[in-house]
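> The structure follows.
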Amino acid sequence: MNYLKLISLISLTLFVSACSTRQAGERFTGSTEQRLVTYSIRDMAKEMAKEPISVIRDKAIVFESHFVIHNQVQLYAEERIKTELIEKYNVRFVDADDPNASYKLKFFFTSLGTDRDQAGFSLPIINLAEPERSTSISLLAVDMYHGIAECNYFLEDLTENRLLKTGKINARVKTDKFTTPIFGFPISDIDD
């Protein structure tokens, strides 16, 4: 009889376990996904404007950015950061071959997208005929949907050919939902 109890306990533990999945969005087709991405980029750009780089005030700056995928989201992030820097430091962005350039700002984006994760206790309902249609019932779980913008930056003095400042900036905007089989409630900073 003890073996039967042990097998039952192991089976129950496997079925009622913490589940976690992570998936990055690629197309940004829904409004929530678009807002998560653009708000996180907005917040990252505002953080960049707070960095201690006042030496660039009223200077000609070369702007350079890199990301694993060159797409519209990267272009949006570039323009958002440039706008914040123009507003705060009154900089003028110039081409790399402009002789008036005093500094170069290099950005290496590590994340510009969304992340979806679920953690907690759920009861999986597996569809063996079509596994992609499998689902789960949340017993006590949190569904996390975040927009993440993150990059490393380097500020170079072009007149002295030296690196002045490096840093990492990031922002996360979230719309989470705590769920049980009976009720759920959202926790979101998407409308801040």
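The values are calculated or read from the model by the stated rules, or taken from the named source; none is laboratory data. A quick note: this is a predicted structure, and the numbers were derived from the prediction, not measured. Glycine also receives a Cβ, built like all others from the backbone with ideal geometry; neighbour counts cover every protein chain displayed. The protein model used for the area step is the full one, side chains on, heavy atoms only, and it has no ligands, DNA or RNA in it. Shrake-Rupley method; radii C 1.70, N 1.55, O 1.52, S 1.80 Å.
> Give, rounded to the nearest 20 debye, the magnitude of the charge dipole that the range 59-179 has about its Cα centre when Lys and Arg contribute +1 at Cβ and Asp and Glu contribute -1 at Cβ.
About 340 debye.
> Would you mind checking the radius of gyration and Dmax of the range 34-141 based on alpha-carbon positions, in Å?
21.0, 66
> Just by accessible area at a 1.4 angstrom probe, what is the order of GLU64, GLU130 from largest to smallest?
GLU130, GLU64
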